[in-house]
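Input: a single structure, listed below in structure tokens.
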Amino acid sequence: MAAMIRASFGKGSALLTSNAALLSRLQPVVVTQLSHTSTRSQTEDIAYKEMEEFWDKNRRLNRPLSPHLRIYNPELTSMLSLCHRATGIAMAVTVPFVAATLLGLPGDFSSYIEYIKDLHLNPAILTAAKYVLAFPICYHYINGIRHLAWDWAIGFDLKTTYQSGYFVMALALLVTAGFVHLL
Amino acid sequence: MATIGLLRACRGKGCLFVKNSMFQQTLPTSLQNSLVTKHFSLTSVASSNAVVEFFRARNFRAKRGPFRPEEKRGDHKMMASTHWKIERVLAVSMLGVMPACLFVQGPIMDTLLSITVLLHGFWGVDGVLTDYLEKFVPWIHYPWYLLTIAGLAGLIYFNYNDVGVCEAIKMVWKL
């Protein structure tokens, strides 16, 4: 069997044919038996352990990571995806924060509206504030449709992605302007 | 799969097969030398390295993979794919709710908006925390959970004792 393995190595296709033989020669590794590991092979356990040791060595030697965000050019795809995440986070954090704050603050909502009215702010500031409030929800909603289309594997190729990306951004800006000036 | 596991089992010492002298003899010397792990030095990418070095010096122990399936699953029993499907169902339902709130207002729409927005926002930010922050701050999910519960409490109070979200948005927009 050893001779067969040595001979097949020369052909370059050794590993696929001699797995069983080599596996039996592996050094034993102690793996704590958790539930749901019955379907995992011993090789996977060893692989995970090896990967952990590799990363421990990386940390120990303080090896640098290759730059990624610092060197990659911004593209429409990544910038729109970032915008989707940013608007989502902004809204998802603001809504509970404002709701919880209103719960604690005295007075009802109308009194706060009156307070802002009494400030007699420049209408331009109020319009700008409305843009800031309306854009995240419009953009996130329309890009959300794009995301859901991807989840059904529709429009995944690069050309369609770019076209839909431009369309989504344009439509979001239009709808935001519509909400601010028409409603 | 097993082949790759086998390749990884060489413990990074530069052998292509198991630690068995019989196999190592068959490797030509040139091949053996090229497999030895080299220590590479830091190549400076101008001053943008300063940020990376700042974090590295303070030893932020990011738990970067590999994560075994049990580690990723945690305590809950629901399959991740099922949770994903529920998230998409909610998102599709919101596709209908959002335009509807422009035409129909009232306490039912208030409740519907509050629950869908909070739930969708909670799962979204949860995903962001899992992607970026969990490896640095493993307990980050708990404050976010608390904030969402507080937000739900605030919105329920708002809808019941105050004007309600639909009316509130109308009042803000009339400013």
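Annotations for the structure displayed:
- Amide hydrogen neighbours beyond the local backbone of B:VAL163, cut-off 5 Å, H modeled: A:PHE109
- B:ILE156 versus B:VAL92: modelled label distance in nm, points set 7 Å from Cα along the beta carbon direction: 2.9
- Global geometry of the range B:62-174, whether rounded, prolate or oblate, following the gyration tensor of its Cα atoms and the 1.5 cut on a/c: prolate
- A Förster radius of 25 Å combined with the Cβ-Cβ distance from B:MET79 to A:SER81 puts the calculated FRET efficiency at roughly 0.45.
- Residues in the range B:88-127 that a label on A:LYS117 would reach, taking backbone N under 11 Å of a point 7 Å out along Cα→Cβ: none
- Cut-off 12 Å between beta-carbons: net charge of the residues surrounding A:LEU102, Lys and Arg +1, Asp and Glu -1: -2
- J(HN,Hα) series, the range B:164-170, from Karplus relation 6.51 cos²θ - 1.76 cosθ + 1.60, nearest Hz, glycine and proline x: x, 5, 4, 5, 4, 5, 4
- With a cut-off of 18 Å on the backbone N, the residues of the range A:147-183 near the modelled label site 7 Å out from B:PHE103 along Cα-Cβ are A:179, A:183.
- Cα gyration tensor shape for the range A:73-182, rounded if a/c is under 1.5, else prolate or oblate: prolate
Computed from the coordinates by the stated procedures, all read-outs in this text should not be read as laboratory data. Because the structure is predicted, anything quoted here is derived from the model rather than measured. Please note: Cβ atoms are built from the backbone with ideal geometry, for glycine as well, and neighbour counts cover all protein chains shown.
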